[in-house]
Ligand code: PMP
């Protein structure tokens, strides 16, 4: 499809809203993206026409809902080029997927084992592993990052050893926009005999990861970061790893047979899908993936690269403005501060002009500590944003700066 920004913007009803008397400019896409009408319609359609519980009903409505849910799983499988559909586990989102794997590794790690995280992770890719380290006695090591906000791979190589059991890194940093070299990180981990989990929460609205090509062992992401609803996401795991991990939660749907003496677990993917899932969320996630593929990820990448370049050049014209995350491979996220001004104050003033940006530590406090700052202003742009919106944002920043200094 030819990339037509005016047509694309029409798909997002929220973009017609006014905030504080101004047309909404939504630059907080890394927190969550807005939803196109197609996704909203698929949610309404489910509840209006075929709401039923799945996998266990013989009646027609239950069959319809089951079929739609399983079709969504197959769409996701195809999108991420996953070998087997049962390697796609529906979760409530990235955080759930990471906790599921971290919990599973409790029985696979011993004292003296090592696990490796990067210096630029979201708290949800740090805290579950700290809890795991505490439970097992394994040691958590950290890949350092450079001043420009890229991982120092020479140091990573030094951390890897026979003791390394698992490496977990984000595909794209939510706070800096840095795109990490996942293939290289994975290959090095595999050479050392370690497994790899990639946090794809920030990557999936910008790029289409080919999980067989990347050869990662686990990949987690959230639908709401890629035009889908909240409360649903996936964990991809290679079959051999999903078979090694014990179930995370017990309950209905995840069993083969239950007696008071003994319970046996269901096959993949159901072993990890206890309880009634977010049925309409899963279906709408499939719709979101269809929507993004109709626009095309190459088209999205080209358009967003243009936005990033433009925003970077225009922002740097503001005196005293510093951007964090200046490496060569980054996505359309600009994290910055203006000298002498607290990010929160900027966020509050531009909100009065209808502009939504995120301010603070972005759930990545170690990055803020690294730069010795309390937080940043983060403008995270996506394919439905425009240069005109960036112009208005720059004007708003100049006004805010004048007011605050
Ligand atoms: N990792 C990264 C890099 C993120 O940006 C986020 C969301 N901000 C998460 C993990 C957590 O995702 P969720 O809250 O959807 O579980």
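Every number here is computed from the coordinates shown, using simple stated rules; none is lab data. For clarity, every value in this text was computed on a predicted model and none was experimentally measured. Note that each Cβ is placed from the backbone with ideal geometry, even for glycine, and that neighbours are counted across all protein chains shown.
The alpha carbon gyration tensor of region 1-135 gives principal lengths a ≥ b ≥ c with a/c of 1.5 or higher and a/b no greater than b/c, which makes the shape oblate.
Taking the C-alpha atoms only, the angle from helix 343-352 to the longest principal axis of the chain is near 80 degrees. Given axes a ≥ b ≥ c from the Cα gyration tensor, I'd like to know whether region 71-175 is rounded (a/c under 1.5), prolate (a/b larger than b/c) or oblate. Here region 71-175 falls in the oblate category. Counted by neighbouring Cβ atoms within 10 Å, the residues 131, 403, 145 run from fewest to most as 403, 131, 145. Relative to its Kirkwood radius, the Cα radius of gyration of region 236-301 gives an Rg/Rh of 1.17.
When each of 270, 362 is scored by the number of other beta-carbon atoms lying within 10 Å, the sequence from fewest to most is 270, 362. With a Förster radius of 45 Å applied to the C-beta separation of residue 256 and residue 161, the computed FRET efficiency comes to 0.70. Helical content alone sets the calculated 222 nm signal of the chain at -11500 deg cm²/dmol, taking -39,500 (n - 2.57) per DSSP H segment of four or more residues and averaging over every residue.
Among bridges DSSP assigns within the chain, what percent are antiparallel (round to 5)? Once the DSSP bridges in the chain are tallied, antiparallel ones form about 60 percent.
Taking every alpha-carbon pair under 8 Å whose residues sit at least 6 apart, region 40-293 reaches a relative contact order of 24 percent. Placing dummy labels 7 Å off each Cα toward the beta-carbon, the span from residue 313 to residue 267 is 5.7 nm.
Here the residues 290, 210, 11, ranked from fewest to most Cβ neighbours within 10 Å of their Cβ, fall in the order 210, 290, 11. Angle between the Cα long axis of helix 297-316 and the longest principal axis of the chain, 0 to 90 degrees, nearest 10? It is inclined by approximately 40 degrees. Taking the alpha carbon gyration tensor of the chain, multiplying each eigenvalue by 5 and rooting it gives semi-axes of 36, 29, 17 Å, largest first. If you take the Cα centroid of region 320-350 and the Cα centroid of region 176-190, the two points sit 25 Å apart. Sorting the segments 370-381, 106-117 by their residues' average number of neighbouring beta-carbon atoms within 10 angstrom, most packed first, yields 370-381, 106-117. For the pair region 194-217 and region 1-23, the centres of their Cα atoms are 30 angstrom apart.
Helix 60-79 and the longest principal axis of the C-alpha atoms of the chain enclose an angle of approximately 60°.
Working ranking of peptides 337-344, 176-183, 225-232, 212-219 by packing, defined as the average number of other Cβ atoms within 10 Å per residue, highest first, is 225-232, 176-183, 212-219, 337-344.
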